[in-house]
Amino acid sequence: MQDFFDLTLGGISAGAVYAALGLALVIIYRATRVVNFAQPALALISTYLAYSVTKATGSYWLGFAVAIVAGTVLGVATERLLIRPLRHRSELSSIIVTLGLLLVLQAVAGMIWSNEPLAFPYAFDFRGRFSANDLFVVLVVLAIAALVLVVFKYTPLGLRMRAAAFAPEVARTLGVRVGLMLTAGWGLAAAVGSLAGLLATPPFLFPNVLDGVFVYALTAAVLGGLDNPLGTIAGGFVLGVGLSYVSGYFGPEMVTIAALAILVVVLTLRPSGLFGRAKVRRV
Amino acid sequence: MTVRTKPAEATATPVKQRRSLPPLLVHALAALGAFAVVVLLTLVTDEFTNLRLATIGYYLIAVAGLTLLTGLTGQVSLGHGAFMFIGAYTVALLVRRVPSFPLWADLLLASAAGGLAGLLAGAAAARLRGPYLAGATLALAVGLPALTRKFPDFLGGSNGLSFTVHSRPAGIGVPELRWQTWIVWLSVLVALVLVANIVRGRLGRDFRAVRDDEVAAALSGIAVGRTKILAFLVSAVCGGLAGGLQAFLLGTAAPGSFTPALSLSLLAAVVLGGLGSLWGALWGAVALVYFQAWSEDLADVLHLNTDVANNLPLAVYGVILIVVVLAFPRGIQGGFHRLRALLRKPAEKKENHENH
């Protein structure tokens with residue numbers, strides 16, 4: 001019973017990270033119908049920058065801030081340089097380009113900081129059951145999620161972003177700068193993604209550190225329907241707890257396979273995700 | 001697997017072909033020619049190049065399978081390394097546990113094991129599209145090699161399984177590596193003949209119809225789900241064979257060889273070669289091997305440190321993916337097509353195009 005309790009608490013803080021990275025995917029998918037497979041790599045570069053800044057200045061929080069800013073810039077640059085030229089091309093094109101960026105950035109990280117694991121600090125004390133750090137992770141992610149939802153739902157910026165995503169032509173005639181809104185969406189998403197990277201990485205940082213986290217985040221986003229931020233956050237927490245049980249009772253090696261199994265089962269039963277709306281196709 | 005073939009005028013591919021010869025025969029003859037070329041190449045080159053040739057061979061069949069899946073049927077797989085993983089471990093386990101099995105049986109079983117996994121993956125994939133499918137297959141690539149750590153006694157943990165296959169019959173005076181290269185290419189060419197026939201045949205047309213418009217394909221009587229599963233099956237068989245050949249060649253199967261990066265570089269090879277063309281698979285496979293080799297040479301020449309050198313190939317594959325999609329969506333094979341079209345045109349038109 002004690003185990004069960006510990007695993008649940010551990011799963012909640014892990015799930016918060018999946019929810020955050022999943023949220024980054026959903027923001028972009030909503031705006032541009034692109035799944036950003038480079039998201040873990042953008043977060044990776046930000047986290048490495050945080051490492052370097054923290055190492056140089058001794059301040060964790062300065063590194064933290066630099067990482068978020070750098071992530072935003074990277075997201076904006078990706079949209080402008082790589083995604084915008086592809087906006088009239090097939091879905092496959094954007095998938096492949098973001099994958100290419102993933103490979104490049106992971107390789108660049110390895111070239112600059114080496115493939116060896118580097119020690120990366122926790123924000124707060126990580127020892128004990130539901131440590132100060134776990135609490136911090138969960139609170140930060142919930143706060144960010146709330147902020148994103150408020151921005152989308154209740155601010156003029158959010159209204160414009162939604163308009164640009166759902167009806168670009170109409171939005172444009174009404175004076176919304178659609179391109180700018182898409183870029184803003186990528187920047188916002190990459191900032192959230194970088195935050196997830198900072199929270200997910202400790203204790204060790206290496207170029208492939210986020211591969212697994214990305215798979216779980218994608219699973220969380222797919223559970224949520226790729227379109228639904230609230231569903232993704234719920235999906236992240238449910239997945240975190242569920243995978244924590246798998247890890248505790250069946251071994252940590254089984255976690256990715258379990259995520260795959262969940263993904264396949266859920267999508268087979270509900271092809272648009274647990275919380276997604278089914279897309280009507282006319283024949 | 002039965003291969004239905006049609007006369008040349010009924011196939012959708014614009015490739016010209018002698019009407020009197022059935023495609024199977026043409027492909028078989030081409031394969032024989034290719035095998036002769038490979039044997040010649042192995043005879044005039046050193047051991048080192050032999051190994052590279054063999055490596056191109058098993059990448060070729062893996063990339064060809066992925067071309068059929070992604071290029072022809074439009075299903076993105078980011079997990080094709082997983083089928084190679086299955087093939088490699090099948091061969092490793094068979095050689096270690098049942099040494100009495102002949103090599104060809106091991107390779108057949110490796111292909112079958114890959115195919116079985118492909119059938120399962122395909123059954124799930126038939127309901128998924130685009131990013132959903134890409135995500136699920138990526139999970140496959142990340143998750144499957146971790147199983148080796150779950151069953152360290154059976155699968156050898158992170159170190160994997162090593163073994164030796166003495167495939168060369170006694171009394172044949174050919175160096176082992178050269179002989180292995182022949183075996184690899186013989187298997188690959190046999191498989192390629194089958195794949196080429198599928199691509200040219202009725203099933204190939206079904207694949208393209210499903211890629212271009214699922215609804216229209218369904219309306220014209222194609223079982224869309226079954227066609228997608230068949231594409232996964234064929235390409236996974238190719239992946240299993242490729243993995244089996246790799247294990248045979250290297251004498252080892254280890255999880256470190258089947259990272260997600262492998263799956264992504266296979267996709268890079270497909271895109272670089274030209275989506276949807278089996279010739280493109282050849283250029284892609286050659287590129288996979290030689291970009292690796294050149295980046296090693298370059299690192300030597302420029303005295304790059306190991307961090308840069310180790311990551312150079314991946315960076316190159318990434319840049320290729322981006323540049324090809326942005327600037328040359330038809331890949332190398334598309335470039336050849338354009339070149340051929342240009343050569344047929346009058347000279348003044350050619351100049352115009354070159355300025356383009």
Residue within region A:257-270 that is farther than 13 Å from B:Ala136 by Cβ, within 14 Å of another protein chain (Cβ to nearest Cβ), surrounded by 23 or more Cβ atoms within 10 Å (Cβ to Cβ) and within 19 Å of the chain's Cα centre (by Cα) present: no
Output for region B:124-137, where each listed residue is assigned to a helix (DSSP H, G or I), more than 7 Å from chain A (Cβ to nearest Cβ) and more than 21 Å from the chain's Cα centre (by Cα): none
Residue within region A:61-74 that is at pLDDT below 95 and within 8 Å of another protein chain (Cβ to nearest Cβ) present: no
Criterion: modelled with pLDDT of 90 or more and part of a helix (DSSP H, G or I) - qualifying residue of A:Ala234, A:Ala261: A:Ala234
Breaking point among (1) within 10 Å of chain B (Cβ to nearest Cβ); (2) farther than 25 Å from B:Ala136 by Cβ; (3) among the acidic types (Asp, Glu), for A:Glu253: (2)
Selection from region B:249-271 of residues that are more than 19 Å from B:Thr148 (Cα to Cα) and more than 13 Å from the chain's Cα centre (by Cα): B:Leu249
Meets criteria (more than 9 Å from chain B (Cβ to nearest Cβ), polar (S, T, N, Q), in a helix (DSSP H, G or I) and within 20 Å of the chain's Cα centre (by Cα)) for A:Thr183: yes
Hits in region B:119-169 (condition: aliphatic (A, V, I, L, M) and within 20 Å of A:Val246 (Cβ to Cβ)): B:Leu120, B:Ala124, B:Ala136, B:Leu138, B:Ala139, B:Leu140, B:Ala141, B:Val142, B:Leu144, B:Ala146, B:Leu147, B:Leu155
Residue satisfying condition, being out of contact with any Leu (no Cβ under 9 Å at 6 or more places or on another chain), more than 14 Å from chain A (Cβ to nearest Cβ), surrounded by fewer than 19 Cβ atoms within 10 Å (Cβ to Cβ) and not acidic (Asp, Glu), within set B:Gly225, B:Gly243, B:Gly251, B:Gly256: B:Gly251
Condition broken by A:Val246, with the remaining ones in (1) more than 8 Å from every other protein chain (Cβ to nearest Cβ); (2) touching a residue at least 40 places away in the same chain (Cβ under 8 Å); (3) of a type in the set (A, V, I, L, M, F, W, C) satisfied: (2)
Residue that is surrounded by the fewest Cβ atoms within 10 Å (Cβ to Cβ), among those in region B:268-281 that are within 13 Å of chain A (Cβ to nearest Cβ) and hydrophobic (A, V, I, L, M, F, W, C): B:Leu275
Qualifying positions in region A:75-103 - surrounded by fewer than 17 Cβ atoms within 10 Å (Cβ to Cβ), among the charged types (D, E, K, R) and either more than 11 Å from chain B (Cβ to nearest Cβ) or in a helix (DSSP H, G or I) (or both): A:Arg80, A:Arg84, A:Arg87
Residue identified as within 14 Å of another protein chain (Cβ to nearest Cβ), over 22 Å from A:Ile95 (Cα atoms) and assigned to a helix (DSSP H, G or I) among B:Leu69, B:Leu120, B:Leu116: B:Leu120
Any hit, region B:227-246, residues being out of contact with any Cys (no Cβ under 8 Å at 6 or more places or on another chain) and in a loop (DSSP other than H, G, I, E, B): no
Test: B:Gly284 is within 12 Å of chain A (Cβ to nearest Cβ) and modelled with pLDDT of 85 or more: no
Conditions (1) within 13 Å of chain B (Cβ to nearest Cβ); (2) crowded, with 18+ Cβ neighbours inside 10 Å: number failed by A:Thr201: (1)
Residue selected from region A:104-136 under the condition in a helix (DSSP H, G or I) and of a type in the set (Phe, Trp, Tyr), by the criterion nearest to the other protein chains (Cβ to nearest Cβ): A:Trp113
Scope region A:217-236; condition at the interface with chain B (Cβ under 9 Å from one of its Cβ atoms) and among the hydroxyl-bearing types (Ser, Thr, Tyr); matching residues: A:Thr219
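The values are calculated or read from the model by the stated rules, or taken from the named source; none is laboratory data. No experiment lies behind these values; they were computed from the predicted model shown. Virtual Cβ from ideal backbone geometry, glycine too; neighbours counted across all protein chains shown.
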